[in-house]
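The values are calculated or read from the model by the stated rules, or taken from the named source; none is laboratory data. As the structure is a prediction and not an experimental result, all values here were calculated from the model. Because the Cβ atoms are built from the backbone with ideal geometry, glycine has one as well, and the counts that use them run over all protein chains shown.
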Amino acid sequence: MGLVRGSATFCRYEVEGSPPEDYVKTFPNEILRYAFHTLDELPGEERSTGWVNILDMFDSEFRTMDYFKDPFIALSWRVDVKRIPRKALLQYCREAEKEVKEREGAEYLAKPVRDEIREGVRLRLLKRAIPQSGVYDMVWNLQTGIVLFGATGAKLCDEFAEFFRNTFHLQPIPLYPYALAQQALLGQGKDGALAEEIRPVSLVEVSQT
Amino acid sequence: MSVLDEVRESESLGRDFLVWLWFRSETMEGPFRLQDGEEAELWFEGKVTLQSEGDRGGETIVCTGENGRIREARFALGEGKKLTRARMHLRAGDNEWAFELDSTWMNVHALKTPGVFREAGDDPDALFYERVFLVEKLLFLMDQIFAQYVEARLSPVWEAAELPRLMNWVRDGIN
């Protein structure tokens, strides 16, 4: 979501370790390897994730490699999902099963047959479904090692972190208050572990006085 | 300990920081003094979210808009509700940012940066750099303010002066 335009919502990661010295040569291959593919290119799949151009969500070929914006790497992570309404799947399955029963004069269909019918129906409906696209910006400052990711949902962020690690072979660690407190203390030349001494403030007794 | 466990264990740190920010923004006599002589003014405006944990699960209170409602939020604070998210403005020099900060991860939500002026034919990279500069600048300033909070919490002045003043401020919200 809108790190480079519009209203921005994002979380922060600190990347553990540094990119390889020849990252300008190696990263383009990795980014292409994990580039986004539309669901039309992936028959039978209901979900597709991958990198796209941060300024153009329909560009996943990266011919000009303009994700290198020194000192940043800027990409968007696109997530396309096709959803088949459960009741629609059920209805089409019933109709398909009925058709098979009539054609074969059978009163009962074994589970493997029903599973096969269900999969056929699912694939047919998937072709008709229009995917929903989510596009989340990612800006990685290679000088500071900080990654900004344009989403805050825990599940999505976890999936993003794993995708990032798979692409760049570096682990992004989420930043949160305790980690920021440790950083602040280290920046003040103090022991980061002092952050553990900060105890919760209780305001409840205020109302009881 | 996993990151998630650490986040759960230390979630009071973000909550108490938000309360302190609110208290400082309403009571401080001057702006935050930051590195290199920079100053930043911060104020709460628009929306404050509090939560409580009870036998019947959590209750969320969202106060938006006018000062009266925000005063209700301060009252809820004294009743033991936890401040979990707040919308605030930060002004430094000619730049002003508006955003929500959550207490658990200190993630930024619905950030409006100072305007990035765009003209037809502008280099898209120039716009990218300007925008990212403004986002990073906000984080740089907020990290410094958070560092001041951490320093204050570990200082003897906290128990002796800052905490009593904060308690008085909450009490003023109740009365």
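Miscellaneous remarks
- Test: residue in the stretch B:113-122 that is on the phi > 0 side of the Ramachandran plot and either out of contact with any helix residue (DSSP H, G or I) (no Cβ under 8 Å at 6 or more places or on another chain) or among the hydrophobic types (A, V, I, L, M, F, W, C) (or both): yes
- Of the criteria (1) surrounded by fewer than 17 Cβ atoms within 10 Å (Cβ to Cβ); (2) in contact with a Pro (Cβ under 8 Å, 6 or more places away or on another chain); (3) not in a helix (DSSP H, G or I), which one A:Ile173 fails: (2)
- Looking only at the stretch A:1-41, residues that are part of a strand (DSSP E or B) and among the basic types (Lys, Arg) come to 1 in all.
- Meets criteria (under 30 Å from B:His109 (Cα atoms), of a type in the set (Gly, Ala, Ser), surrounded by 15 or more Cβ atoms within 10 Å (Cβ to Cβ) and over 15 Å from the mean Cα position of the chain (by Cα)) for A:Ala35: no
- Search result, residues across the stretch A:63-79 that are within 19 Å of the chain's Cα centre (by Cα) and either not in a strand (DSSP E or B) or not polar (S, T, N, Q) (or both): A:Tyr67, A:Ile73, A:Ala74, A:Leu75, A:Trp77, A:Arg78, A:Val79
- Sole exception among (1) within 16 Å of A:Leu203 (Cα to Cα); (2) surrounded by 15 or more Cβ atoms within 10 Å (Cβ to Cβ); (3) not acidic (Asp, Glu) for B:Leu90, by number: (1)
- Members of the stretch A:59-73 found to be surrounded by 16 or more Cβ atoms within 10 Å (Cβ to Cβ) and away from chain B (no Cβ under 14 Å), listed by number: A:Ser60, A:Phe62
Conditions tested, residue by residue: (1) among the small types (Gly, Ala, Ser); (2) assigned by TED's automatic domain parsing to the domain that holds A:Trp77; (3) closer than 21 Å to B:Leu101 by Cβ; (4) in a helix (DSSP H, G or I).
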| position | (1), (2), (3), (4) |
| --- | --- |
| A:Thr152 | no, yes, yes, no |
| A:Phe160 | no, yes, yes, yes |
| A:Thr167 | no, yes, no, yes |
| A:Gln182 | no, no, yes, yes |
| A:Lys190 | no, no, no, no |
| A:Leu194 | no, no, no, yes |
| A:Arg199 | no, no, no, no |
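- Selection status of B:Glu29, loosely packed, with under 14 Cβ neighbours inside 10 Å and among the charged types (D, E, K, R): yes
Every residue, every condition in (1) within 12 Å of chain B (Cβ to nearest Cβ); (2) at pLDDT below 95, yes or no:
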{"position": "A:Glu119", "(1), (2)": "no, yes"}
{"position": "A:Gly134", "(1), (2)": "no, no"}
{"position": "A:Asp137", "(1), (2)": "yes, no"}
{"position": "A:Trp140", "(1), (2)": "yes, no"}
{"position": "A:Phe160", "(1), (2)": "no, no"}
{"position": "A:Leu170", "(1), (2)": "no, no"}
{"position": "A:Arg199", "(1), (2)": "yes, yes"}
{"position": "A:Ser207", "(1), (2)": "yes, yes"}
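- Of all residues in the stretch A:42-58 being assigned to a loop (DSSP other than H, G, I, E, B) and buried (at least 17 other Cβ atoms within 10 Å of the Cβ), the one that is farthest from the chain's Cα centre (by Cα): A:Leu55
- Entirely in the stretch B:67-175, the strands (runs of 3 or more DSSP E) that have 1 or more residues that are at pLDDT 90 or above and more than 10 Å from chain A (Cβ to nearest Cβ): B:82-92, B:95-102
- Residue check, A:Val52 out of contact with any helix residue (DSSP H, G or I) (no Cβ under 6 Å at 6 or more places or on another chain) and touching a residue at least 60 places away in the same chain (Cβ under 8 Å): yes
- Pairs, first outside the structural domain of A:Gly44 (by TED's automatic domain parsing) in the stretch A:89-117, second of a type in the set (Val, Ile, Thr), C-beta under 6 Å, six or more apart: A:Tyr92/A:Val121; A:Cys93/A:Val121; A:Ala96/A:Ile117; A:Ala96/A:Val121; A:Glu97/A:Ile117
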